[in-house]
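Working notes, structure below.
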Amino acid sequence: MLIDFLKSKNKYQDKINELKEVYLSDDRPWVIGYSGGKDSTVVVQLVFEMLQQLALEERKKQVYIISSDTMVETPLIISSINHTLYSIQRKGIELQLPIETHKVKPEIQNTFWSLLIGKGYPSPRQKFRWCTDRMKIDPANRFILDKVSKFGEVIMVLGVREDESATRAQSIKQHTIDGSKLMKHSSLKNAFVYAPIREFSLDDVWDYLLTDQAKTPWDTDNYELYALYQNSSGGECPLIVDKEIKETAGSCGNSRFGCWVCTVVKEDKALVGFIDNGENWMTPLLDFRNWLSSIREDRDLREKSRMNGSIYYVGEGDERKLGLGPYTFEARQLILRKLLETEKQLVNPYEPDYRLIQIEELKYIRKLWIENGDWADSLPLIYFDVYGEMLDWDLEERAPFDKSQITDLELICEKNDVDFELVKKLINIEKNYVGYKIRRGLIDEFHKVLNQDVVHHGKVEGYKE
């Protein structure tokens, strides 16, 4: 037993020595992708220990630890990540380590609810996973590119391992630079990837994390992390910063570390696992997620044309049928109402002020709705119906007409046999060009809307969603 223990300690010290060699070999800063799971925790812990072993004058370049907050992360996980990032930063300052922790988030126009409720994107599925690029890859890449512009080149340090899958192993080997510990990033020109635990097995990972009573260098307990994995068939959802890695990663819906609202998978084993292990307060999340998944193919809740106005068919012969477009406005109103009701019902014992949808998202969605014809300004009314209070809504986002004016316009349209919804679209286009000296594109926008609505939603295409 003692011999095995010493071998294990030597193995991990050898890895720390390798990290020292790579760290000291150049001036390129490191960006570590931290997801809160076991593999990324191993990487952060190894790097932390490596920096501690360096002399103060050798700690010459910055190490950024970034974590992706999609804003729909499983509540327990994002709470754990927040606590860990704070602990790492606090301890790093105390020990004079060149470490900075950051959370990266999608821009407001690319959040899950902005796209689904605001624009009507159908909930993601395997063949239409619009979420990963916008909510994970793009925010992380923005951070990386910011550092590239400052330093010229950066090195991404990731917790990817070859034994996760044959496809992952092949991808890692294909991108490795001959004679180097580094790999080429598949899309960012001046970024390189270093995978220090690429040859680690699952046993290696847990052996390292749970050695010496599982105490981390920043004074947290890895047994708490281990508890998150117990009784679960799910694994880790990595912080994805590379489209090549995304293609080998699969969905995170079965993972303890994915989004609570994931509809890519048939069953959310992560939420079920948490609830089965006593976190009953998360049941409303599972109910909402299952409901959202169940309405995805409801034809009554989907437009009959795509967002650009074109229509398409799926299937062949007698099986051929009209494809589905985005969620209707009525469906989006329904989804928002149910989401707010779920939020009101939820009691998060770890974060009492926890919200499922942020106020900034609600304001952005309201703006989108008004711009697309919601002159009744229904979002504040839905919020009031659920919460019994009004938010501090921005006055400049008010609808262009009051209720009586809308009624008068609707009557005029009816009298002249003109489609009211079409008129609303045209007025909204005109409103968007108010104040411009040169209104280039206005007529093109008019033609686009008129072609969509008058010529039966545009041309038929054989596109499959």
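Throughout, read-outs are computed from the coordinates displayed, never taken from laboratory work. It should be emphasised that the depicted structure is a prediction, and the values quoted were computed from it without experimental measurement. Every residue, glycine among them, receives a Cβ derived from its backbone with ideal geometry; neighbour counts consider all protein chains shown.
General remarks:
- Taking a straight line from the alpha carbon of residue 91, these aspartates and glutamates sit under 14 Å away, with near neighbours fewer than eight places off in the same chain left out: 49, 100, 219.
- Nonlocal amide H pairs with residue 182, under 5 Å, H built at 1.01 Å: 177
- Qualifying aspartates and glutamates (Cα of each under 17 Å from Cα of residue 431; at least 8 residues distant if same chain): 371, 374, 377, 396, 397, 402, 421, 444, 445
- Amide H contacts under 5 Å for residue 302: 328, restricted to partners 5 or more places along the chain or on a different chain, H placed in the peptide plane at 1.01 Å from N.
- Least to most buried among 180, 123 (fewest other Cβ within 10 Å first): 180, 123
- For residue 156, nonlocal amide neighbours, meaning residues 5 or more places apart or on other chains whose placed amide H falls under 5 Å from its own, are 31, 192, 193, 194.
- Unsatisfied cross-links (Cα-Cα over 18 Å) in the set 103/136; 136/266; 136/304; 20/181; 127/269: 136/266; 136/304; 127/269
- With N the number of residues in the stretch 332-399, Rg(Cα) / (2.2 N^0.38 Å) evaluates to 1.14.
- Most tightly packed first, judged by the mean number of other beta-carbon atoms within 10 Å of their residues, the peptides 358-368, 298-308 read 358-368, 298-308.
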